[in-house]
């Protein structure tokens, strides 16, 4: 480390996105060359540019050590904390050697690199009732909960509300009303807390909302954007799993039907049968699903695509009417795996956030049974961690 | 090079031209494909969402079958989504011996067992890391001169970076660009090249899903791409099959052909468009190919 810090100052050119909505002028790019040691942060670069060249550059920051979450920006197109990104790494990641710095996405710009967190991020956090609704009666002394379930929710508590995941969320980019990764990770913090009394109500609310847990498009952007390993998308998948698996919530967004149809089709045939998956996701998880009004309506609306696919020989009648399967003996083995695992009383899950890798000291921690319902606070709640989708 | 080959479901279902074109180009690249025809669907993340142990066990079964293929250097897939779903399960299986033992206990009924450390690469990764760009370039018979190709990676093959082993030394998130260049084409950068195609929410929020696809196609048109190329058949479904519907959602004509990676490679290796199933797309790649002479050229 000493060697890294001993490196002499170098020149770094920053390309800053400038915009003042009150000026009536269009946004523009501004370039400044700063001189700093390579291990210094992009934030220090911005501050030097402000001090030396242009005092009007708008940037919000406070702690300068990745704790306060104030300085979220986009560096070379990806959201991160400016104080948590080294200048040399940013330069290597730049397309033309110039470090490109923009305000975060999905939120309105107040000035230059400062976005309006209140208008988007904080509104969405409020949407998920971000406080504990305690089970009654409240014990006279402290609640007793298992270590695993506390470590588990610690992952979402590590969030510093920087908005990086919100900035880069690709579902929110096309559907601004999507509750989004930060707020849904916050929702898991309470859904996964054995002291909370409203697990079903919270999940039902988030499952029925068309812009809730089933609006996540599974793009992993939030996983990579988060500077604190909160793994928001992984938390959203766990919300879905507990909603469907433990509470059997059937939502109006086809979320539960899609999951059930997918899982059943692979069990029935070993491979996915796409022509059957879509109608079942709308009409219900059986061979008759495609005759349900919702499925018929969907089929009609997709007719322009289907007709072209058939005309061009992409989809054949045989392909649509007959599934492809794996050999009988193998299908039986696959079905035996399904039956063994699905008949377990509790889901068995590995939470890498709790156990770590085998090389770690925590390697002795065994995977634990999971999927605790609201009624069994002693059991660890569906723990799988940053390694989970 | 012999590989245990996992084609996935969609490449044998709604995008048969992908599986077909892979089979055609494999001998030209000296790849011997031993198809894992006993293996089941990876679950595409959906089965893991339903039950993590189930997804891990089903994929461990596939990995174990791959490890039984004699003389295979590694496992190869042709679907970004399969790569992502399998990598996720493999990470858990490789991280914890006790968990692996637990999963293998279920596989024991069939006499199978997964040993840690399988190498599983998408065809794109194998192309760059095993065959090599110079080697690929040397085999080109019909360079994609003047062809303006927009890469469309698909989420599962570029994120999360740590799990997929992407860093400065191994820039897997740039491989598609490198392959296009090695084949003699021109890389067209556009806003959506590493964004989501929208397919995972096509049944949950169709409008948002098609808006994603429509925007990326529109961005590529604005950047004057002749076609897109993707290593993911699920992206292909949204980008190609659903393109007529996406046009309506974004309110503009699109008409952007989308090629599977093996098709683009096959064209450059001298194969005929029909052999590669290019006539079976919803958006016919007429702007890519002069059908009369089968010579690749930008029509526009």
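We did not get these values from a lab; they are worked out from the coordinates using the rules stated. Please read these numbers as outputs of a predicted model, since none were measured by experiment. Backbone-built Cβ (ideal geometry, glycine too); neighbour counts: all protein chains shown.
With contacts taken as Cα pairs under 8 Å and at least 6 residues apart, chain A reaches a relative contact order of 12 percent. For the stretch A:211-306, what class follows from the C-alpha gyration tensor (a ≥ b ≥ c being the square roots of its eigenvalues): rounded when a/c is under 1.5, otherwise prolate if a/b is larger than b/c, else oblate? Judged from the Cα gyration tensor, the stretch A:211-306 comes out prolate (a/c at least 1.5, a/b above b/c). Considering Cα pairs under 8 angstrom that are at least six residues apart, work out the relative contact order of the stretch A:2-115 and quote it in whole percent. Reported relative contact order: 30 percent. Calculation over all alpha carbon pairs of the stretch A:2-115 in 10 angstrom steps from 0 returns a P(r) of 15, 49, 31, 5, 1 percent.
Relative to the dominant Cα principal axis of chain A, helix A:199-208 is inclined by about 90°.
Annotation: the residues A:302, B:87, A:62, sorted from fewest to most other C-beta atoms within 10 Å of their own C-beta, follow the order A:62, A:302, B:87. Annotation: the residues A:248, A:32, A:258, sorted from fewest to most other C-beta atoms within 10 Å of their own C-beta, follow the order A:248, A:32, A:258. With respect to chain B, whose longest principal axis is taken over its alpha-carbon atoms, helix B:206-222 is tilted by about 50°. Calculated [222 nm] ellipticity per residue, helices only, for chain A: -10500 deg cm²/dmol; basis is -39500 (n - 2.57) per DSSP H run with n ≥ 4, divided by all residues, nearest 500. Ellipsoid semi-axes for chain A, based on the Cα gyration tensor and the rule √(5λ), read 42, 29, 21 Å when sorted largest first.
Shape analysis of the stretch A:42-101 places it in the oblate category; the axes a ≥ b ≥ c from the Cα gyration tensor give an a/c of at least 1.5, with a/b not above b/c.
Relative contact order, whole percent, for the stretch A:163-208 stands at 24, derived from Cα pairs under 8 Å and 6 or more residues apart.
Between the Cα long axis of helix A:42-52 and the first principal axis of chain A there is an angle of about 30°, rounded to the nearest 10. Of the beta bridges DSSP finds with both residues in the protein assembly as shown, what % are antiparallel, to the nearest 5? Taking every DSSP beta bridge with both residues in the protein assembly as shown, the antiparallel ones total about 50 percent. Expressed to the nearest 5 percent, the antiparallel share of DSSP beta bridges inside chain B is 10 percent. Each DSSP beta bridge with both residues in the stretch A:11-154 is either parallel or antiparallel, and the antiparallel ones are about 85%. Note on A:318, A:233, A:107, B:221: ascending count of other Cβ atoms within 10 Å places them as A:318, B:221, A:107, A:233, the fewest first. For peptide B:149-162, the mean count of partner chain Cβ atoms within 10 Å of a residue's Cβ comes to 3.
Peptide B:245-254 has a mean of 1 when you count, residue by residue, the C-beta atoms of other protein chains within 10 Å of its C-beta.
Peptide B:4-13 is shielded by partner chain Cβ atoms: per residue, an average of 3 of them sit within 10 Å of its Cβ. Using equal-weight Cα scatterers in the Debye expression, the normalised intensity of the protein assembly as shown in log10 at q = 0.10, 0.12 Å⁻¹ is -1.00, -1.44.
Tell me whether the stretch A:190-245 comes out rounded, prolate or oblate; compute the Cα gyration tensor, take square roots of the eigenvalues as a ≥ b ≥ c, and use a/c under 1.5 as the rounded threshold. Cα axes put the stretch A:190-245 in the oblate bin. Per residue of chain B, the DSSP helices (runs of n ≥ 4 H) give a summed -39500 (n - 2.57) that works out to -11000 deg cm²/dmol at 222 nm. Packing order of peptides A:16-28, B:238-250, highest average first: B:238-250, A:16-28 (average count of other Cβ atoms within 10 Å over each peptide's residues).
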